[in-house]
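Below: the structure, in structure tokens.
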Amino acid sequence: MFQKILIANRGEIALRVLRAAKELGIQTVAVHSTADADAMHVRLADESVCIGPPPSRDSYLNIHQIVAACEITGADAVHPGYGFLSENAKFADILAAHNITFIGPSGDHIRIMGDKIEAKRTAKRLGIPVVPGSEGAVSDEKEAKRVAAEIGYPVIIKASAGGGGRGMKVALTEADLEVALQTARTEAGAAFGDDAVYIEKYLQKPRHIEVQIFGDGAGKGVHLGERDCSLQRRHQKVWEEANSPALNAEERSRIGDICANAVANLGYSGAGTIEFLYENGEFYFIEMNTRLQVEHTITEAITGIDLVHEQIRVASGGGLSVTQDDIRFHGHAIECRINAEDPRTFVPSPGTITHFHTPGGLGIRVDSGVYSGYRIPPYYDSLIGKLIVHGRNRVECMMRLRRALDEFVVDGIKTTLPLFRELVGNPDIANGDYDIHWLEKHLAKGE
Ligand code: ADP
């Protein structure tokens, strides 16, 4: 087992990883920018190292500073959290070259899944259902037209190097194709320095359903069920649930087994998420995230398994603590992402939190790095906490969530709490009846 883990992240996820390391009796090193000297994860870590000024590229994304911090403190492993360097293959390779364990998959697996065309090709080869579309990048308009005619309109043009929902264009008919292709190519070139694009069928009312997987790196793979993250705004997840209100047990184990076998065959190591669009009973692979996700907490709630413990175990060579047969699903869990944002305009609202009071009681978990008197720096994302609620079934979970939202107090800044108070009372949400467009439509109606 590791002696000392350096946590290359900030905010609630740095604290989340720190807690797991402490439970396992492992020493922790926090790294932070000058803007985060007062952060909770810095206060609670055994040691801390300042790695640079506030901008992320000079601190949390600065590989040299982080490797130097490992060497100064003698850390033998790095947990990257999510975001920042968590899906940076070069970072994983550099750590390996320094004999420091990256708590995550190999650089090669990160690289494959980071290239959307390569990821889709690999998924298909491993037996994962994919969205019908071009085999790889399309070279010109003629080829694009041929593929689109074959799969049928509407189609979506996507950047091979894409991420964060950028570089995607929908063509409803052949008349739109030329412009969509050109725009997607130009945007992809500007945003990612790579103008390769591919085409796939555009699904009109899908849900976003993702499967949590784990590989031991030695040919074993398990799945921990799915999460439904259809409630999104600008491709950003807002509310997540496990299990999905749309799947039955047969669909759950079918797609879960496909994913578990795929990661086993890939020889994948650590936690990952295979993301699908789901429509009319069919799953369509969109991407794989080779890291821990923000919403891993709801999977923890329904399985009782600590995913960060498991990541650390696997990375240290200890293998998985569970087999597929050991994994059971209990009840229902929902996560609300509490952001420091105006709940109507979603404009960030940094500032000082004058009062912070979190709900408690059975089935409630709050993961947050903030406290009364904490000043939110303006440099990073606006997530200030996650409210995770568990109940024996979805109805109980929703009742408890409503009560928890009433107890939650954040004064001094604007937050998205009022949005969740509204959502929890909405009949469509109560019925689990929503797709990936529901939230944006609902917000547009409210204005
Ligand atoms: P990114 O890596 O940029 O986030 P994804 O491939 O994960 O790109 O897609 C982001 C979002 O775009 C999806 O969650 C979905 O809302 C939409 N999308 C992607 N592909 C399709 C498709 N074939 N049909 C409909 N919507 C899609």
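Figures for the structure shown
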{"item": "Built amide H within the under 5 Å cut-off of GLY136, gap 5+", "result": "none"}
{"item": "Kirkwood-Stokes translational diffusion coefficient of the stretch 207-444, alpha-carbon pairs, 37 °C, 0.692 mPa s, µm²/s", "result": "178 µm²/s"}
{"item": "Dipole moment magnitude, nearest 20 debye, the stretch 141-191 about Cα centre, only Lys, Arg, Asp, Glu C-beta charged", "result": "160 debye"}
{"item": "Rounded Å value of the spacing that divides the Cα centres of the stretch 302-344 and the stretch 36-83", "result": "24 Å"}
{"item": "Within the chain: Cβ-based charge dipole about Cα centre, in debye rounded to nearest 20 (Lys, Arg +1; Asp, Glu -1)", "result": "420 debye"}
{"item": "The stretch 267-273 - phi-based ³J(HN,Hα) in whole Hz, Karplus 6.51/-1.76/1.60, Gly and Pro as x", "result": "x, 5, 10, x, 7, x, 10"}
{"item": "³J(HN,Hα), Karplus 6.51/-1.76/1.60, whole Hz, each residue of the stretch 411-423, x for Gly, Pro", "result": "9, x, 9, 8, 9, 7, 3, x, 4, 5, 5, 6, 4"}
{"item": "Linear extension gain, GLU174 paired with ILE151, 0.36 nm per residue minus alpha-carbon span", "result": "7.1 nm"}
{"item": "Cα shape, the stretch 59-201, gyration tensor, a/c 1.5 rule", "result": "prolate"}
{"item": "1.4 Å probe accessible area per residue over the stretch 207-444, in Å²", "result": "38 Å²"}
{"item": "Only Lys, Arg (+1) and Asp, Glu (-1) charged, at Cβ; the stretch 4-101 dipole about Cα centre in debye", "result": "120 debye"}
{"item": "Peptides 342-350, 54-62 ordered by average Cβ neighbours within 10 Å, highest first", "result": "54-62, 342-350"}
{"item": "Carbon and sulfur %, accessible surface of the stretch 4-101 computed with the full protein complex present, 1.4 Å", "result": "49 percent"}
{"item": "Calculated on alpha-carbon atoms, Rg and Dmax of the stretch 132-201 in Å", "result": "10.6, 30"}
{"item": "Reciprocal mean inverse distance between Cα atoms of the stretch 277-350 - Kirkwood radius, Å", "result": "15.7 Å"}
{"item": "Cα-based convex hull volume of the chain per residue, rounded to whole Å³", "result": "139 Å³"}
{"item": "Packing-based order for 167-174, 84-91, using average beta carbon neighbours within 10 Å, highest first", "result": "84-91, 167-174"}
{"item": "Å² of accessible area per residue within the stretch 4-101, as computed with a 1.4 Å probe and no ligands counted", "result": "38 Å²"}
{"item": "Gyration tensor verdict on the stretch 387-447 (Cα atoms; rounded if a/c is under 1.5, prolate if a/b is larger than b/c, oblate otherwise)", "result": "oblate"}
{"item": "Three-way shape call for the stretch 238-312 based on the alpha-carbon gyration tensor, with the a/c threshold at 1.5", "result": "oblate"}
{"item": "Cα pair distances of the stretch 4-101 binned at 10 Å [whole percent]", "result": "18, 57, 25, 1"}
{"item": "Karplus-derived HN-Hα couplings along the stretch 339-344 (A = 6.51, B = -1.76, C = 1.60, θ = phi - 60°), whole Hz, x at Gly and Pro", "result": "10, 7, 8, 5, x, 9"}
{"item": "Dipole of the chain, positive end: most advanced residue of ILE353, ALA123, ALA264 [Cβ charges, Cα centre]", "result": "ILE353"}
{"item": "Amide H contacts of GLU287 (H built 1.01 Å from N, under 5 Å, at least 5 apart or other chain)", "result": "GLU275"}
{"item": "Long-range HN-HN contacts of ARG233 with modeled amide H, under 5 Å", "result": "VAL238"}
{"item": "Computed [θ] at 222 nm, helices only, for the chain once each DSSP H run of length n ≥ 4 contributes -39500 (n - 2.57)", "result": "-10500 deg cm²/dmol"}
{"item": "Accessible surface of the stretch 207-444 [probe 1.4 Å, protein heavy atoms]: carbon and sulfur percent", "result": "48 percent"}
{"item": "Listed peptides 141-147, 42-48 by packing density, highest first (mean Cβ within 10 Å)", "result": "42-48, 141-147"}
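The values are calculated or read from the model by the stated rules, or taken from the named source; none is laboratory data. The structure presented is a predicted model; accordingly, all values stated were derived computationally and were not measured. Heads up, the Cβs are rebuilt from the backbone with ideal geometry, glycines too, and the neighbour counts pull from every protein chain shown. The accessibility values were calculated without ligands, DNA or RNA, using every heavy atom of the protein model including side chains. Shrake-Rupley method; radii C 1.70, N 1.55, O 1.52, S 1.80 Å.
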